[in-house]
Structure formats: C-alpha cells, structure tokens
Amino acid sequence: MSRARVALATALVGFTALTACSSSSEGPTSDSGAQKADKPISAPAPKPITKELAQADLTQALLGDGETLPGWSLHGDKSVTEGTYCNRSEDDSTPAGWVRGGDASYEYNGSTVNMAFVHICLFDSAKDAHSAYATWKGTETSKEQAPKSPVGEESTLVINPGASEDTVYGFARSGKANIRVKIEGGTGDDPSGAQAMLTATLKRLQQLQDGKAATVTAPAEQAASKQ
C-alpha cells in the first residue's frame, strides 16, 4: 500500500473514532435534561412593570380559583380598587400618581374566619409607586422580614403589624406597580404563602405586559422556592 493510501486510511479511522465519542457524549446530556424537566420550574424573574396596564389586565393578574394557595378560593368576584385602598389604612386619601387598581379576597376551606387579600395598584411613574409603597408598608421595621427571594425592586414581609395576630402582610413594588398581600390565620411562623402569592401576582402582571396570558400560580412559586 502506498504512503498516501496509508495516511488516508489512518485519517478515516481517527475521524470515525471522534464521531463515535461525540455521539456517546450526547446521550447523558439529553437524559439529564429530561430529569430536570420533572421538577417544578418557576417562571423567569419579571422585568419592571413599565406599561400602563388596562383594568382588565389587573383583573387577570389577580389569582383565581386553582391558582392561589391550596385550601384558598375566591370569596366573591374580583373587584376594581379605589385609590384610597392603595394608601395606608389610617389615610383615606388617594396617593399621588395613582392610576387604577384591582383586588380580590379569598376564604379558607369555605370559611371566612380566616381570609386572604390581594391588592394591585398602578401609578403614573416608578417614583410615585415608590412613595406609595413606602407609606403602604408602614414603619414597623422591627416586624419586617426580607422575602427569601426579592420580589420586584422593593419587597418586604410584615409579621403581625399593629395589634394584629397570626397575620402576614407582603408588599412589593415593580416599576409603576405596587402589590399587597394579606393572609390571616396562623401563618406568622411561615410567611412562604404570602411570598408565593406576591411573587405569582407580579409574574402574572409581567406576562400580561408582554402580551401573554397570565398562567403563573402561587403553588408553583411556593414549590420552586423550596428547592
């Protein structure tokens, strides 16, 4: 066999070996991806809310039956929030820059002994939203607790504010939107439910801002936070 043919045969054998190695290395990568897909996956962290969302968007962003925490269901219909409810409870004025809002209340296992509430408030600017957020959450810093993961640009959990008992509030601001969650009934030692509802509501707002349907749920967010 000539030297040229020997060199060609050697090159072909080397190419075949490399192809076989490449093919075998792709298998585990594919299997690994399939295994990861079985775990609960949280939606991507939302971008700031910068658009002036319509009232219908705020209504869709509010969690419905099957989208909120286990055991909780809507109490009545989702509502349009008046500006006064986007301010602290002691102040019945409408915050500066307020545009519109939406809210929903939830009962636990068909009972109104313990309730949960979600409010969404939209403002003209991020500056107005920030000012309203700072007022809304109050000044009881000793009762504040940072969420396990940040929600929007500003967020906090407030455990048993004022004279309340067994109550958790969650507050978040993202761009021009503020969100408040309140859950009653023995949740003070585990505020994860309030954070899940807060996070899910914000991510639903982001989906709607991007022209998509609101599909994120509180149970999925709660499961993802425990991984």
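Going 7 Å from the Cα of LYS47 in the Cα-to-Cβ direction, what parts of the stretch 70-108 have a backbone nitrogen less than 20 Å from that spot?
Counting backbone N atoms under 20 Å from the label point, the list is empty.
How many nm separate the modelled label positions at GLN145 and GLU165, each set 7 Å beyond the Cα in the direction of the Cβ?
Modelled inter-label distance: 1.8 nm.
Using the Cα centre of the stretch 166-227 as the reference point, and only Cβ charges (+1 on K/R, -1 on D/E), how large is the resulting charge dipole? Debye, rounded to the nearest 20. Working shown, then result.
Details: 8 positive and 6 negative charges, 82 e Å.
Dipole of the stretch 166-227, to the nearest 20 debye: 400 debye.
Nearest 0.05, what FRET efficiency do ASP210 and HIS75 give at R0 = 25 Å with Cβ-Cβ as r? Mind showing how you got there, number by number?
Details: r = 30 Å, r/R0 = 1.18.
Using R0 = 25 Å, I get an efficiency of 0.25.
Can you compute the FRET efficiency between GLU90 and ASP124 using 1/(1 + (r/R0)^6), with r the Cβ-Cβ distance and R0 = 30 Å? Round to the nearest 0.05. Could you put the intermediate results ahead of the total?
Details: r = 24 Å, r/R0 = 0.79.
So the FRET efficiency works out to roughly 0.80.
Residue by residue, what Karplus-based ³J(HN,Hα) values in Hz, rounded to whole numbers, does the stretch 152-165 have, using 6.51, -1.76 and 1.60 with θ = phi - 60° and x for Gly and Pro?
Once rounded to whole Hz, the list reads x, 7, 9, 6, 7, 10, 10, 9, 6, x, x, 9, 6, 10.
With +1 on each Lys and Arg Cβ and -1 on each Asp and Glu Cβ, and nothing else charged, work out how big the dipole of the stretch 80-206 is about its Cα centre, in Debye to the nearest 20.
Values: 12 positive and 17 negative charges, 110 e Å.
The calculated dipole for the stretch 80-206 is roughly 520 debye.
Just reorder ARG88, ARG173, ARG100 by solvent-accessible area, largest first, 1.4 Å probe, all chains present. If you can, show how the numbers build up before the last one.
On the way: ARG88 100, ARG173 25, ARG100 60 Å².
Output order, biggest surface exposure first: ARG88, ARG100, ARG173.
If I take every Cα pair under 8 Å that is 6 or more residues apart in the stretch 49-124, average their sequence separation and divide by the length, what percent do I get for the relative contact order?
Numbers: 132 pairs, mean separation 24.0, N = 76.
Across the stretch 49-124, relative contact order equals 32 percent.
Quick one: how many Å² of GLU82 are accessible to a 1.4 Å probe, rounded to 10?
120 Å²
ALA54 to GLU82: extension gain in nm, 0.36 nm per residue of separation minus the Cα-Cα distance? Working shown, then result.
Numbers: separation 28, 0.36 × 28 = 10.08 nm, distance 1.47 nm.
Full extension from ALA54 to GLU82 adds 8.6 nm.
Leaving ligands, DNA and RNA out of it, rank LYS143, LYS148 by accessible area with a 1.4 Å probe, largest first. Mind showing how you got there, number by number?
Values: LYS143 60, LYS148 145 Å².
Result of the area sort, largest leading: LYS148, LYS143.
Just to make sure I understand: if all protein chains stay in place, what is the order of ASP92, ASP128 by accessible area at 1.4 Å, largest first? List each step's numbers first, then the result.
On the way: ASP92 130, ASP128 40 Å².
Sorted descending by solvent-accessible area, the residues read ASP92, ASP128.
Given R₀ = 22 Å, what would the calculated FRET efficiency be for ASN109 paired with GLU154, taking r from the Cβ atoms and rounding to 0.05? Display every interim value, and only then the final one.
Working: r = 33 Å, r/R0 = 1.49.
That gives a FRET efficiency of 0.10.
The values are calculated or read from the model by the stated rules, or taken from the named source; none is laboratory data. Quantities reported herein were computed from a predicted structural model and do not represent experimental measurements. Note that each Cβ is placed from the backbone with ideal geometry, even for glycine, and that neighbours are counted across all protein chains shown. Remember, those area values only see protein heavy atoms, side chains included, never the ligands or the DNA or RNA. Shrake-Rupley method; radii C 1.70, N 1.55, O 1.52, S 1.80 Å.
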